[in-house]
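*Asks:* Starting off with a structure, shown below.
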Amino acid sequence: MNYLIDNTRYVLGYNDKGEEVDNFQVHKVVEKIIFEIDRVCRKNNIDYALAFGSALGLYNYQGFIPWDDDGDIAINYFDYDRFVEALKKDLSDEFTFDCEKVNKRYNPLIPAFKIRYKASYIKEKNRFTLPDRTKDRGIFVDVCLFMGVPESVRKHKRTFIKSKLLMPFYVFFDAFCHLNPYLIRKSLRKYERKIAVKYKDSNRVSQTVIIPFQELPKKFVENLSFPKNVIYPFKEYDFLGKKIFSFNNVEEFCRLRYGEKALKKIDESGKVIDPFKEKNKSGGHMSVINIYK
């Protein structure tokens with residue numbers, strides 16, 4: 001396999017002194033978190049996969065998308081409790097994690113876990129309208145839950161109705177009133193469990209249905225879910241010089257999720273062609289980034 005090489009420096013944000021923080025600095029931290037998740041999962045026999053933008057970075061660059069500012073991991077919905085216990089027991093003191101199991105204010109409308117590097121600090125751009133109430137504020141990797149979903153797009157789209165209807169109320173109580181929307185969160189988790197059990201043997205899988213934003217871009221609607229054999233079983237790939245797990249067919253996942261135009265191209269001479277004509281040089285999630293060591 002040939003991979004793209006992009007050694008361009010991209011500014012992803014600024015620290016509290018006003019100094020630029022670039023992709024090389026951030027990626028070193030995200031790399032540490034991913035390798036730590038790999039270690040913990042291998043030790044506890046928990047399957048995981050690089051997902052979403054991290055899967056695209058794996059396929060195109062054998063590493064990170066150069067201007068990306070976080071990492072994405074997927075685990076199976078039914079491994080949630082085991083993953084919590086593994087993190088409590090084996091996660092290195094350099095890192096911390098947050099999820100609803102350990103923080104009753106954790107927002108159910110964002111990915112199920114955030115694994116953070118302690119010796120860092122970030123301020124996220126969406127911190128008011130979608131606060132996650134996490135206990136720590138370091139650079140992070142998101143861990144999302146993958147589950148079986150309805151096999152038709154129409155029925156799958158209908159599964160988002162509950163979270164979409166409840167989201168404004170959750171944000172109102174949490175962000176504006178600074179109250180704990182306990183009953184809303186409990187209702188969403190109960191609904192999530194119901195769908196996961198009902199479609200456990202479905203031939204289509206996707207991120208948990210209580211994340212309400214995943215169908216918004218038009219290009220994603222037709223591929224809200226993925227064939228089960230594209231996702232499972234997870235398998236190893238080369239990533240930053242190490243063996244890291246991702247989806248069974250990471251190329252097909254990226255094609256379905258992001259479209260053919262997002263994939264690297266190989267010309268007749270074997271040269272790798274960059275699919276991105278314009279790079280996002282501003283990062284995505286963070287407005288302040290401090291890295292202390």
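Each reported figure results from applying straightforward, stated rules to the coordinates on display, with no laboratory input. Worth saying up front: this structure is predicted, and the values here are computed from it rather than measured. Using ideal geometry, Cβ is built from the backbone for each residue, glycine included, and neighbour counts are taken over all protein chains shown.
*Asks:* Take the alpha carbon gyration tensor of the stretch 1-148, find the square roots of its eigenvalues, order them as a ≥ b ≥ c, and report rounded if a/c is under 1.5; if not, report prolate when a/b exceeds b/c, else oblate.
*Replies:* Cα axes put the stretch 1-148 in the oblate bin.
*Asks:* Now, a different point. Over every pair of different alpha-carbon atoms in the stretch 12-291, take the mean of 1/r and invert it; report that Kirkwood radius in Å.
*Replies:* That comes to 19.5 Å for the stretch 12-291.
*Asks:* With a 10 Å radius around each residue's Cβ, average the other Cβ atoms per peptide and rank 75-84, 166-175, highest first.
*Replies:* Highest-to-lowest ranking by the protection proxy: 75-84, 166-175.
*Asks:* Using a Gaussian network for the chain with springs between C-alpha atoms less than 10 Å apart, which of these wobbles most: 49, 262, 74?
*Replies:* Highest fluctuation among the options: 262.
*Asks:* Kindly provide the helix-only [θ] at 222 nm of the chain, computed as the sum of -39,500 (n - 2.57) over DSSP H runs of four or more divided by all residues, to the nearest 500 deg cm²/dmol?
*Replies:* So the calculated ellipticity at 222 nm is -9500 deg cm²/dmol.
*Asks:* What is the sum of charges around residue 35, taking Lys and Arg as +1, Asp and Glu as -1, for the other residues whose C-beta is under 13 Å from the C-beta of residue 35?
*Replies:* Cβ neighbours under 13 Å give a net charge of +3.
*Asks:* Label-point separation (nm) for residue 229 and residue 81, each offset 7 Å from Cα along Cα-to-Cβ?
*Replies:* Reported label-point gap for residue 229 and residue 81 is 3.3 nm.
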